[in-house]
1. Would you point out which residue out of 232, 204 is at pLDDT below 75, in contact with a strand residue (DSSP E or B) (Cβ under 6 Å, 6 or more places away or on another chain) and in a loop (DSSP other than H, G, I, E, B)?
2. How about the range 67-83: which of its residues are surrounded by fewer than 20 Cβ atoms within 10 Å (Cβ to Cβ) and either in contact with an Asp or Glu (Cβ under 7 Å, 6 or more places away or on another chain) or of a type outside the set (Ser, Thr, Tyr) (or both)?
3. Of the residues that make up the range 41-57, is at least one modelled with pLDDT of 90 or more, over 31 Å from the mean Cα position of the chain (by Cα) and farther than 29 Å from residue 169 by Cβ?
4. Can you pull out the residues in the range 98-112 that are within 10 Å of the chain's Cα centre (by Cα) and of a type outside the set (Val, Ile, Thr)?
5. With respect to residue 199, determine if the residue is in a loop (DSSP other than H, G, I, E, B), more than 24 Å from the chain's Cα centre (by Cα), among the basic types (Lys, Arg) and at pLDDT 75 or above.
6. Looking at the range 32-39, is at least one residue out of contact with any helix residue (DSSP H, G or I) (no Cβ under 6 Å at 6 or more places or on another chain) and assigned to a loop (DSSP other than H, G, I, E, B)?
7. Has the range 125-135 got at least one residue that is hydrophobic (A, V, I, L, M, F, W, C), within 17 Å of residue 53 (Cα to Cα) and in the same structural domain as residue 47 (by TED's automatic domain parsing)?
8. Go through the range 122-149 and report how many residues are within 25 Å of residue 185 (Cβ to Cβ) and assigned to a strand (DSSP E or B).
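The values are calculated or read from the model by the stated rules, or taken from the named source; none is laboratory data. The structure displayed is predicted, hence computed values, not measured ones. A quick note on method: Cβ atoms are made from the backbone with ideal geometry, for glycine too, and the neighbour counts reach across all protein chains shown.
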Amino acid sequence: MKNYVNIICRITLIAILLSFNIIDAFTQKKILITDFGCKPDDRRNVVDPIKNALKACAAQDSSVLVFPKGRYDFWPDFTSQQTSIGIEMNKLKNVTIDGEGSEFIFHGKMQIANLVGCEKITLRNFTVDWDHPFIAQGQYVQTTDDYIDVKFDPEVYVIENNLFFLIGEGWKSRPIGYFTLYDQDKKEILYKTHDGDNKASYLGKAEEINVENNTVKVGENILSFDYLVLAGVAETNFYNIPGAQENSLTLKSIEDAIKIKNKIIIQIKTIGRRSLRERR
């Protein structure tokens, strides 16, 4: 008798849970991202449309933000020094983001999502990737007791003032920090290796050069060398003109060129909007 009661109770509980799910599905307000100025596969920045759509979701007791299947591109603010966020959710409740099998493609330095003070949030049915890898990859060609030969694709680095920089979409950095070794055949991290600290590279002020011992003091580090190259570095002179440094764009690197390009694009769009309003 107890077994029958248990079975009946379990069936009843399952039925109640299913009914709650069905009720919840019907009570969720369906909001389409395409109603906020973007379409799948148009490559336009979807960050602002998502912000506006989430405001509409916040006005509902329960909602689902739907992305019709396709590709959606997330672009950062290249003019800002702060990391851009693709999906920012703040104090939202009972919100579902349904990609319906879509691809969310990110560009440059971006954080995928940031949820603060939210409750009952569901993210489903989409994949995330970067249009250009958010890392720089090199290949060890040869290693000896005297040197290591590493091959990089010419598109992922630049040499400026005799300094080696890795570059990507909207970013540039020195190869100082952590790196990971991968087995190109097995497509996995090499056995007994892990994130390693690239301590062979330093960026700092040379405080002392000893030509007898072939050493350079950089901070607390004493570095040895075979050949030492002294390269002068030019700095932009703003001639103490008030506001010149804050409101000028210099051109000394690829990163500077990207900032100028993005500034021009913003100005062209602004002028276009003004012209459109004047015509109306």
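1. Values: 232 fails: in contact with a strand residue (DSSP E or B) (Cβ under 6 Å, 6 or more places away or on another chain).
Unique residue meeting the criteria: 204.
2. Taking the range 67-83 and keeping what is surrounded by fewer than 20 Cβ atoms within 10 Å (Cβ to Cβ), we get 68-71, 73, 77, 79-83.
Within the range 67-83, 68, 69, 70, 71, 73, 77, 81, 82 meet the criteria.
3. Looking for residues that are modelled with pLDDT of 90 or more, over 31 Å from the mean Cα position of the chain (by Cα) and farther than 29 Å from residue 169 by Cβ, one finds none in the range 41-57, hence no.
4. Correct list: 106, 107, 108, 109, 110, 111.
5. Details: in a loop (DSSP other than H, G, I, E, B): yes; more than 24 Å from the chain's Cα centre (by Cα): yes; among the basic types (Lys, Arg): yes; at pLDDT 75 or above: no.
No, not satisfied.
6. Going residue by residue through the range 32-39, those that are out of contact with any helix residue (DSSP H, G or I) (no Cβ under 6 Å at 6 or more places or on another chain) are 32, 34-35, 39.
Checking the rest, the ones that are also assigned to a loop (DSSP other than H, G, I, E, B) come to 39.
Within the range 32-39, one or more residues are out of contact with any helix residue (DSSP H, G or I) (no Cβ under 6 Å at 6 or more places or on another chain) and assigned to a loop (DSSP other than H, G, I, E, B).
7. Going residue by residue through the range 125-135, those that are hydrophobic (A, V, I, L, M, F, W, C) are 126, 128, 130, 134-135.
Those left that are additionally within 17 Å of residue 53 (Cα to Cα): none.
No.
8. Taking the range 122-149 first, the residues within 25 Å of residue 185 (Cβ to Cβ) are 129-130, 132-144, 147-149.
Of the ones still in play, those that are also assigned to a strand (DSSP E or B) are 129-130, 138-143, 148-149.
Of the residues in the range 122-149, 10 are within 25 Å of residue 185 (Cβ to Cβ) and assigned to a strand (DSSP E or B).
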